[in-house]
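Worksheet: one structure, shown below.
The values are calculated or read from the model by the stated rules, or taken from the named source; none is laboratory data. Nothing here was measured: the structure is a model prediction, and the numbers come from that model. Please note: Cβ atoms are built from the backbone with ideal geometry, for glycine as well, and neighbour counts cover all protein chains shown.
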Amino acid sequence: MLPVMKSLILATVLLAACSVSAPAQQGAAPSTSAQPAAPAKKAWFIRLIPPRPTFAQDMTDAEQKLMEQHFLYWKALFEKGVCVFGGPVLDPKGVYGVLAIMASSENEARTIAADDPSVKGGVNRIEVAEMRIAFLPPVHQHP
């Protein structure tokens, strides 16, 4: 890439970063928007607790169908940016699931988790706690 183009790209990135992070100027008129500001999204940690330690090895056909629906539910939320990451924890004492999601409140996070077909179907139970995600790799888009 030409040095001039690199400089222009760097300047554009820095300008965009500064405009996003710059504090409001003193004396600026307050916003008169009729729309209230949306609550800030927070990260929430969800633990999916299966009905028994051997669940991953001895699911019934009905449980397997619910777990397939469970996977599709969270995959769709991942694609929408609600679910940040998730998957099974392969603990030798018993596999369980973990997810991190973005929601405005604990109630919203609990509702999202409770709408999981495996929870609605009575297979998994949930625990929900606020989380601060400190490290996360950049998102890689697939074609």
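A count restricted to segment 42-58 and to residues that are touching a helix residue (DSSP H, G or I) at 6+ places or on another chain (Cβ under 7 Å) and over 12 Å from Asn124 (Cα atoms) stands at 1.
Among the residues of segment 92-99, at least one is over 17 Å from Gly121 (Cβ atoms) and among the small types (Gly, Ala, Ser). Where helices (runs of 4 or more DSSP H) sit wholly within segment 49-143, those with at least 3 residues that are among the charged types (D, E, K, R) and more than 30 Å from Pro39 (Cα to Cα) occupy 61-79. Close Cβ contacts (under 9 Å, 6 or more residues apart or on different chains) running from residues in segment 65-81 that are over 16 Å from Lys120 (Cα atoms) to residues that are of a type in the set (A, V, I, L, M) and assigned to a helix (DSSP H, G or I) comprise Leu77/Ile112. Yes or no: segment 39-59 includes at least one residue that is of a type in the set (Val, Ile, Thr) and over 18 Å from the mean Cα position of the chain (by Cα). Scanning segment 39-59, I find at least one residue that is of a type in the set (Val, Ile, Thr) and over 18 Å from the mean Cα position of the chain (by Cα), so the answer is yes.
Any idea how many residues of segment 38-57 are surrounded by fewer than 16 Cβ atoms within 10 Å (Cβ to Cβ), modelled with pLDDT of 95 or more and basic (Lys, Arg)? Adding up the residues that qualify gives 1. Exactly one residue out of Leu136, Leu90 is loosely packed, with under 11 Cβ neighbours inside 10 Å and closer than 14 Å to Arg47 by Cα, and it is Leu90.
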